[in-house]
Amino acid sequence: MEETTRYLLNESDIPRFWYNINADSPVAPAPVLNPTTMEPVTPDYLSALFPMGLIEQEVATDRYIQIPDEVREAYKLWRPTPLIRARRLEKALGTPAHIYFKYEGVSPSGSHKSNTAIPQAFYNKIAGTKAMTTETGAGQWGTALAMSCKFYDLDLEVYMVRVSYDQKPYQRFLMETYGAQVYASPSSRTTCGSTLLSENPDHPGSLGIAISEAVEVAAGSGGMKKYGLGSVLHHVLLHQSVIGEEALKQMDMAGEYPDVVIGCVGGGSNFAGIAFPFLRENLKNGQRTRLLAVEPTATPSLTKGLYAFDYGDSACMAPVVKMHTLGHDFIPPSIHAGGLRYHGMAPTLSALYDAGLIEATAVNQTSVFEAAIQFTRAEGILPAPESAHAIRSAIDEALLAKQTGEKKVILFNLSGHGHFDLTAYNRYLSGELEDYALPTEAIEHVRQHIPAIKENAFLR
Ligand SMILES: *Cc1c(COP(=O)(O)O)cnc(C)c1O
């Protein structure tokens, strides 16, 4: 019998519903707080930033939420994505484990971010929004939203973290090609940006600062502009569930079921996307798949952060949520996995991790690139440095299986390709990349500053 490598679904297999883990989760989500009053947010406050369709999804309790036809139509440009058996990597490792990966890098913008960018632009369009604002770190989110806004004829302002703006011009060129306006953050277009620039004209920026700028512009636009976030929020995790729903069908085609599902985590959306449908099977249908989130040792919010109420941005304008956090004013080291450099973690994921339903581990930058190159040379696909965190852990699981002789089934999410990250690969190959561990002062800072927010907040 011929061996199958790619498990492919038909267009008609694109999910018709997004899966909402909150319907099955044993842990109730903590309320989202208004950053000024520290009281639970009102729809009024949220509607300055988001259209009603997304606000409803943010608090939805239904298990399944129908995907609008217009969104499914756009998903057809790249979905269903392939599930690939990494047979060559298995051979290279000499492991008895079976390694599968879901490849989200086939989307036009190169990552899973388009799965939420399309519905976010769509719900804004039908609510009458004229323009959107957003931040971007490495650029994948800005690119995905730039494409989606153009599809629905919305303008887009992107605040791009200055180091990435300078170091990764090609992502910016792609955003501009889709028709977006891109500004280096901090910028002089906002109050919070101008303040930071006056203190330090060469400010490198951070995701937290760029979020503050995008939120400030939307909140001050009198309803003309709305804000879009590429991760962390519940509606984003919801949209990403298409990854796991497809993967369940494809694992079935392969006649196997994963012992472990692995994903990298920045804000948590691609991991949640692949893992939550499998978590549903654990909670409701007696499966016992391990769900493993992988973060960088440079920004270890799950493994080293505090589970507490914290601001989503640096200037304290974005909603306050309960999450694993390194502190909203944490400036992460400049590792090359820009998409993982966020101080916090999605509240939905944080709650499940706190309840012990999800595992987490942190891995070093150089070990991540070592795994990425091993993967590229075996499978041919150049992974994004973010996605390579998942590859590192998948290889580690496969090597463990080799020691024990276990025929373990491993599934990981390959969240994007790394074609815009070749400078980082070049630096690794030239021996220039370093490892970062979170410095002790940073951990001290977290311990001392975050509890103050908790005491101020509605827990009082
Ligand atoms: C943005 C990004 C991530 C990190 O974001 P999550 O919300 O944690 O998924 C991971 N991989 C790629 C390719 C990205 O673009």
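The values are calculated or read from the model by the stated rules, or taken from the named source; none is laboratory data. Treat the numbers as computed from the prediction; the structure is a model and nothing was measured. Backbone-built Cβ (ideal geometry, glycine too); neighbour counts: all protein chains shown. Ligands, DNA and RNA are excluded from the accessible area calculation, which covers all protein heavy atoms including side chains. Shrake-Rupley method; radii C 1.70, N 1.55, O 1.52, S 1.80 Å.
The mean accessible area for residues of the stretch 1-126, using a 1.4 Å probe and ignoring ligands and nucleic acids, is 44 Å² per residue. Under 24 Å of direct C-alpha separation, and excluding same-chain neighbours fewer than eight residues apart, residue 402 reaches these lysines: 91, 102. Can you give the local net charge around residue 139? Use residues other than it whose beta-carbon is closer than 13 angstrom to its beta-carbon, Lys and Arg +1, Asp and Glu -1. That sum, taken over residues with Cβ under 13 Å, equals 0. Against the chain, whose longest principal axis comes from its Cα atoms, helix 140-151 is set at around 80 degrees. Largest first, the three principal axis extents of the alpha carbons in the stretch 395-435 are 38, 22, 14 Å in whole numbers.
Among beta bridges from DSSP that stay inside the chain, the antiparallel ones total about 35%.
What a 1.4 Å probe finds exposed on the chain is 50% carbon and sulfur by accessible area, rounded to a whole percent.
Compared with the dominant principal axis of the Cα atoms in the chain, helix 114-126 is inclined by about 40°. Mind giving me the FRET efficiency for residue 188 and residue 3? R0 is 60 Å, r the Cβ-Cβ distance, nearest 0.05 is fine. Computed FRET efficiency for residue 188 and residue 3: 0.55.
For residue 89, neighbours were defined as the other residues whose beta-carbon sits under 11 Å from its Cβ, and their charges (Lys and Arg +1, Asp and Glu -1) total +3. Here the stretch 238-314 and the stretch 51-107 have alpha carbon centers that stand 12 Å from each other. With helices as the sole contributors, the chain gives -13000 deg cm²/dmol at 222 nm; each DSSP H run of n ≥ 4 counts as -39500 (n - 2.57), and the sum is divided by every residue.
Tell me the angle of helix 385-404 to the major Cα principal axis of the chain, expressed in degrees between 0 and 90 and rounded to the nearest ten. That works out to roughly 30 degrees. Surface analysis of the stretch 301-460 yields an accessible area of 40 Å² per residue, using protein heavy atoms and a 1.4 Å probe. The equivalent ellipsoid that matches the C-alpha gyration tensor of the stretch 360-440 spans semi-axes of 22, 16, 11 angstrom, in descending order.
D by Stokes-Einstein for the chain, Kirkwood Rh over Cα pairs, 25 °C, 0.890 mPa s: 112 µm²/s. Size descriptors for the stretch 238-308 (Cα atoms only): Rg and Dmax, in that order, 13.2, 42 Å.
Mind checking the per residue accessible area of the stretch 133-291 for me, 1.4 Å probe, whole number of Å²?
Details: 5150 Å² over 159 residues.
About 32 Å² of surface per residue is accessible.
Loop-located trypsin sites (Lys or Arg not before Pro) in the stretch 18-105 (DSSP state not H, G, I, E or B) with no more than 15 neighbouring Cβ atoms inside 10 Å: 63, 76.
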